[in-house]
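Read the structure below first, then the notes.
The numbers here are math on the coordinates, done by the rules we state, and not lab data. This structure is a prediction, so every number in the text was calculated from the model and none was measured. Counting neighbours? That spans all protein chains shown, and the Cβs are built from the backbone with ideal geometry, glycine included.
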Amino acid sequence: MLYLLPNSQKVILNKEYTLRFIVVVFMFMFATFLIATFLLIPSYRLLTTTEDVILESKNMILRSSSEKSNKNISLAISETKGLLTLLTSESENIKSTEVFEKILSSRPTGIRINTISFEEQKGGSSLVLINGISDNRSDLINFSQTLRKESGFSSVDLPISNLAKDKDIVFSITIKVNKK
Amino acid sequence: MILKNFFEIFPPPRFLTMASVGLDISDDCVRMMELVSKNKGLIVDSYTERKFERSPNLSEVYENPELKKALIDIKKEFKAKFVNVSVNEEHAYIFRTEVPTKDPSEIRSILEFQLEENVPIASSEAVFDFRVLKSGQNIHNTHVLVTVLPKKSVELCTSLLNSVSLIPVSFELRAQAIVNAIIAKGDNEAHMVINIDKQKTSFYIVHDRIVQFTSMIAFGSESFKDISKNNPESTKSSDVVADEIQRLYIYWHKHRTENNYGGEEIQKIIVNGEGLQLNDFCEYVALITRSIVEPSNVWINVGDLNSYVPPIHYEQSFSFASVIGLALKNNN
């Protein structure tokens, strides 16, 4: 196809076409934006509703969890309170740690202690039960005599039957501790 | 091909295609027509014709103030902005040449250098374009038909159109516009077209639906009236026509290039003209040339006349051939 146009006219036509092309591109973009907006309205409504539901659920969970945590805190406080009470009461009576220290410092090398139990008695006194194994009879006798010498122990009871064997004697000593 | 099918399915917006209408400017008349696609064919969407007083003192019709008034009237009536404009072939030069390249941009620069060898105007004073001819091609060379217009003439027309808010998209020779309308698409044979205006008769040799050669005699439709009644004046004009046809036949058939291009046998003579008994004229031409002569059908490339009746009367339609050809450019 012939055009036979002077260059100035070709420039005018090119400018006109470019301008029209830009207008069409913008119109398409605007139309796309409008259509996309229109099509996204249902999704937007759905999402906002879902968001409301989720927020409501979140608030409910937060409310219930705060109630639970309050209960847990109360429980922890009451437990701590109980322990503190126990510790306070112990400080007024006999300290188990002091008793254990005395027992362990009196122990000769041939004595192996398996268990020590501490039991508070009515009236402020306490009962300590020691179970263990002694290598020989003399070590066991020494141990019981050393315990008897300790101040605060009102009685140290080592049954005679425990001295029946010479070696590897399984023993059980009961100590009565008086209130300070 | 794929792209063509794609655009058939998804046509670009009309705003972007910059749809243009045909605008035929002759010495005393301006015609405008717009063809639009409908039901796989074309229909006339709008057309108009404005006659104005010719001004013999002016060298260019574009300087005629009456033409400007007519264009302003047309612009008021139509919303058209882009126009395909016809240019009289008297102002134009056509030549055929061979260039040793296939690249269009290289062809253009080669032609720019060759221009002054072929036309009597400087390349700086000319506006030219070319068509690649289908026939006679070989591996190395390209046969092109170059159309050259004086830059001054084009700029006068452009400034006139711009002054009435019209933008020319293309200029086309009036002869080529007529050929686009009256030679069926796909008919690539050689034909002779005789176009009769009121005061002149033009002869075109057409091949591959491209005007290869034009000539003109100063006898118009007024001179051929009563051609069948042996009117002495008509007989004289008819003899001139006969001589011109004979001259063209000889020129065309002798004018064959080294690559055997050109000079193909003229299959028929198609007559397009206004204001005369066309059938009588065709009979007369057939008698003197012993060739097939037929009146033109200006709607042949618009659509099937069995399914669409154009709004222009048959006798009137011949004068619209050029504007139809220009309007068809938009739909090609």
Scattering profile of the range B:18-84 from the Debye formula, Cα beads only, expressed as log10 I(q)/I(0) at q = 0.14, 0.19, 0.21 Å⁻¹, is -0.45, -0.74, -0.85
May I ask you to list the lysines whose Cα is less than 21 Å away from that of B:K75, ignoring any residue fewer than eight positions away on the same chain?
B:K51, B:K329
For chain A, return all DSSP H helices satisfying: extent of Cα atoms along own axis at least 30 Å; mean Kyte-Doolittle hydropathy at least 0.0.
A:7-92
Which lysines does A:K122 reach when only Cα atoms under 25 Å apart count, and residues fewer than 8 places away in its own chain are ignored?
A:K81, A:K95, A:K102, A:K149, A:K176, A:K179, A:K180
Give, as ranges by residue number, the residues of the range B:79-112 whose backbone N falls under 19 Å from the point 7 Å along Cα→Cβ of B:V240.
B:89-91
Using Cα positions and a limit of under 28 Å, work out the lysines in reach of B:K254, with same-chain residues fewer than 8 apart set aside.
B:K102, B:K134, B:K185, B:K200, B:K236, B:K268
Linear extension gain, B:V309 paired with B:E116, 0.36 nm per residue minus alpha-carbon span:
64.7 nm
How long are the semi-axes of the equivalent ellipsoid of the protein assembly as shown, defined as square roots of 5 times the Cα gyration tensor eigenvalues? Whole Å, largest first.
122, 28, 21
Counting only the backbone N, which residues of the range B:309-326 are under 12 Å from the spot 7 Å out from the Cα of B:N39 toward its beta-carbon?
B:309-310
Any chance you could run the full-extension gain for B:N331 through B:D73? It's 0.36 nm times the residue separation minus the Cα-Cα distance, nm to one decimal.
90.3 nm
Can you give the Rg to Rh ratio of chain B, both from alpha-carbon atoms, with Rh computed by the Kirkwood formula?
0.96
P(r), alpha carbons of the range A:96-177 - 5 Å bins starting at zero, rounded %
3, 16, 30, 27, 15, 7, 3, 1
Taking Cα pairs closer than 8 Å and at least 6 residues apart, the relative contact order of chain B in percent is 20 percent
Listed residues A:A76, A:L47, A:L86: farthest to the positive end of the dipole of the range A:8-90 (Cβ charges)
A:L47
Estimated Rh, the range B:97-146: Kirkwood, alpha-carbon pairs, angstrom:
11.2 Å
Treat each spin label as a single point 7 Å out from the Cα along the C-beta direction, and report the A:T80 to A:S155 distance in nm.
4.3 nm
Dividing the mean separation of Cα pairs under 8 Å (6+ apart) by the residue count of chain A yields a relative contact order in percent of 16 percent
Treat each spin label as a single point 7 Å out from the Cα along the C-beta direction, and report the B:E283 to A:N7 distance in nm.
5.8 nm
Take the Cβ-Cβ distance between A:D139 and A:S117 as r, set R0 to 25 Å, and report the resulting FRET efficiency rounded to the nearest 0.05.
0.70
Relative frequency of Cα-Cα separations exceeding 18 Å in the range A:8-90, percent:
75 percent
Within the range B:1-60, DSSP-loop trypsin sites (Lys or Arg not before Pro) with at most 11 other C-beta atoms within 10 Å are B:K40
What average count of beta carbons from other chains do you get within 10 Å of the Cβ of residues in A:4-15?
5
How would A:F153, A:F171 line up from fewest to most surrounding beta-carbon atoms within 10 angstrom?
A:F153, A:F171
